[in-house]
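S.K.: One structure, as structure tokens, below. Some questions next.
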Amino acid sequence: MRQTRGMSLAESFANVAIGCVVGFATQLVVFPLLSIEASVEQNVLVSILFTLVSLGRSYLVRRVFNRLAGRSE
């Protein structure tokens, strides 16, 4: 069964939202260990930018795999 574009987007959004929270928390721990000085606001901005890129990537990969699955039916 193929997934609709809307469901692909919803799944991608949920996946990326969880990744955003995990990534932000990771930055708060890892940046100081690597002597990278960033304010909370800068960490939020980096997280948002990476999240937008990740959302687009996740959606496109999902659609490609759905298209490939449709061809094999």
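The values are calculated or read from the model by the stated rules, or taken from the named source; none is laboratory data. In this text the structure is predicted, and so the values were computed from the model without any measurement. Virtual Cβ from ideal backbone geometry, glycine too; neighbours counted across all protein chains shown.
S.K.: Considering only residues that are outside any helix (DSSP H, G or I) and in contact with a helix residue (DSSP H, G or I) (Cβ under 8 Å, 6 or more places away or on another chain), which ones fall in segment 1-24? Walk me through it before giving the result.
M.R.: Filtering segment 1-24 for residues outside any helix (DSSP H, G or I) gives 1-4.
Across segment 1-24, the qualifying residues are Arg2, Gln3.
S.K.: Is at least one residue of segment 4-13 under 14 Å from the mean Cα position of the chain (by Cα) and of a type in the set (Lys, Arg)? Step through it out loud before you land on a result.
M.R.: Going residue by residue through segment 4-13, those that are under 14 Å from the mean Cα position of the chain (by Cα) are 8-13.
Next, from what is left, pick out any that are of a type in the set (Lys, Arg): none.
Taking every residue of segment 4-13 in turn, none turns out to be under 14 Å from the mean Cα position of the chain (by Cα) and of a type in the set (Lys, Arg).
S.K.: Of all the residues that make up segment 20-66, how many are at pLDDT below 85 and charged (D, E, K, R)?
M.R.: 2
S.K.: In segment 13-38, how many are over 24 Å from Ser58 (Cα atoms) and surrounded by 14 or more Cβ atoms within 10 Å (Cβ to Cβ)?
M.R.: Going through segment 13-38 one residue at a time, the tally reaches 2.
S.K.: With the structure loaded, tell me whether Gly70 is touching a residue at least 24 places away in the same chain (Cβ under 8 Å) and under 11 Å from the mean Cα position of the chain (by Cα) or whether it fails that test.
M.R.: Values: touching a residue at least 24 places away in the same chain (Cβ under 8 Å): yes; under 11 Å from the mean Cα position of the chain (by Cα): no.
Criteria not met by Gly70.
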